[in-house]
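S.K.: Next up is a structure, given as C-alpha cells.
All of the numbers you see were taken from the coordinates with simple rules; none came from a lab. Values in this document were obtained by computation on a predicted structure and should not be read as measured data. Cβ atoms come from the backbone with ideal geometry, glycine included; neighbour counts cover every protein chain shown.
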Amino acid sequence: LNNMEQVIKIIRQSQTVESARSNLMAAFALSQIQAQAILDMPLRRLAKLEQDKITEEYAAVIKNISYLEDLLANPRKVLSLVAQDAEELKTK
C-alpha cells in the first residue's frame with residue numbers, strides 16, 4: 001500500500017468497520033473484497049468504534065486493579081468479602 005497514511009486516517013475516522021470499508025472503496029476505487037482484505041489486516045482495530053471499545057476495556061481493567069489494590073490494603077474489607085461469600089454459600 002503506497003497510501004498507508006491515508007488508509008490509516010480513513011480507518012481511524014470511520015465510526016464502524018462497515019463505514020471504513022465504504023470509505024476505503026470510495027477513496028481508492030476498491031472492490032468490496034479488496035477493501036475487506038485491507039480491513040482484515042490488524043489495521044481494522046484503528047476504526048473509531050474499535051478504539052472506543054479498547055479504551056472502555058482498559059478503563060474497566062484499571063478500575064478493577066484499583067478495587068483489588070484497595071482490597072489488599074484493607075484486611076477488614078477482605079474479611080468482609082469472605083464473610084459475604086460464606087453467607088452466600090450458606091444460602092445455596
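S.K.: What value, in deg cm²/dmol to 500, does the helix sum -39500 (n - 2.57) over DSSP H runs of n ≥ 4 give at 222 nm once divided by the residues of the chain?
M.R.: -26500 deg cm²/dmol
S.K.: Can you tell me the 0 to 90 degree angle between the C-alpha axis of helix 17-28 and the longest principal axis of the chain, rounded to 10?
M.R.: Orientation of helix 17-28: about 20 degrees from the principal axis.
S.K.: Continuing with this model, one more query. Each residue of the stretch 73-86 in turn: what ³J(HN,Hα) in whole Hz from Karplus with 6.51, -1.76, 1.60 and θ = phi - 60°, glycine and Pro shown as x?
M.R.: Taking θ as phi minus 60°, the curve returns 7, 10, x, 5, 5, 4, 4, 4, 5, 4, 4, 4, 4, 5 Hz for the stretch 73-86.
S.K.: Compute, for the stretch 4-91, the length of the dipole vector about the Cα centre, with Cβ point charges of +1 (Lys, Arg) and -1 (Asp, Glu) only. Units Debye, rounded to 20.
M.R.: Charge dipole, the stretch 4-91, about its Cα centre: 260 debye, nearest 20.
S.K.: Okay, next question. If the cut-off is a Cα-Cα distance under 24 Å, which lysines reach K48, setting aside same-chain residues fewer than 8 apart in sequence?
M.R.: K9, K63
S.K.: Still on this structure, I have one more. Using the Karplus curve 6.51 cos²θ - 1.76 cosθ + 1.60 with θ = phi - 60°, what ³J(HN,Hα) values do you get for each residue of the stretch 50-60, in whole Hz, with x for Gly and Pro?
M.R.: Coupling constants for the stretch 50-60: 5, 4, 4, 4, 5, 4, 5, 4, 4, 4, 5 Hz.
S.K.: Let me ask something additional. Bin by bin, in steps of 10 Å, what percent of the Cα pairs in the stretch 28-92 do you find, going until the bin that has the longest distance?
M.R.: With a bin width of 10 Å, the distribution comes to 17, 22, 20, 15, 14, 9, 2.
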